[in-house]
Amino acid sequence: MKPRYNCLTCPGYCCSHSRIAVSDYDIARLAKHFKLSVEEAKRRFTYRYQTKEVDEQILRHQRDHVYKSICRFFDTDERRCTVYEARPNVCRRYPYGNQCGYYDFLKFERAHQDDEDFIPSA
Ligand code: SF4
Ligand code: SF4
């Protein structure tokens with residue numbers, strides 16, 4: 001089904017999610033992309049997030065002028081992923097269908113504000 005969203009006009013909201021969990025396979029792919037050992041890639045790019053219910057390896061973040069914090073692989077000026085070919089599976093699958101809730105919200109707000117560059121706080 002054809003996507004009903006356009007990531008090129010979105011400032012990358014999904015990349016600002018605080019917990020972007022990666023698998024060993026994702027880390028190995030990033031390691032290969034950067035020509036690093038798996039251990040080094042894991043240390044540099046991820047950290048362990050652990051609660052009573054959850055035990056995940058999460059992508060590290062960086063500061064962002066739009067969403068305050070965003071994935072370390074995001075180009076905060078160009079608003080795009082810098083590791084697109086090596087991005088984790090969860091990024092490949094998102095938004096899990098042909099619609100993106102944030103994009104619908106963005107489109108609605110931009111039409112409402114009559115400003116095609118408007119960025120609502122999520
Ligand atoms: S939030 Fe939706 S429209 Fe925006 S970059 Fe992510 S998938 Fe694309
Ligand atoms: S790896 Fe790329 S697509 Fe995935 S969250 Fe980071 S910047 Fe976004």
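Data table
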{"read-out": "Filter pass, I58 being among the β-branched types (V, I, T), modelled with pLDDT of 95 or more and within 13 Å of ligand 1 (Cβ to nearest atom)", "value": "no"}
{"read-out": "Meets criteria (at pLDDT 95 or above, of a type in the set (D, E, K, R) and more than 25 Å from F118 (Cα to Cα)) for R79", "value": "no"}
{"read-out": "Residue within segment 4-25 that is more than 16 Å from ligand 1 (Cβ to nearest atom), more than 27 Å from Q99 (Cβ to Cβ) and surrounded by 13 or more Cβ atoms within 10 Å (Cβ to Cβ) present", "value": "no"}
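The values are calculated or read from the model by the stated rules, or taken from the named source; none is laboratory data. Being a predicted model, the structure only gives us computed values, none of them experimental. Note: ideal-geometry Cβ built from the backbone for every residue, glycine included; neighbour counts use all protein chains shown.
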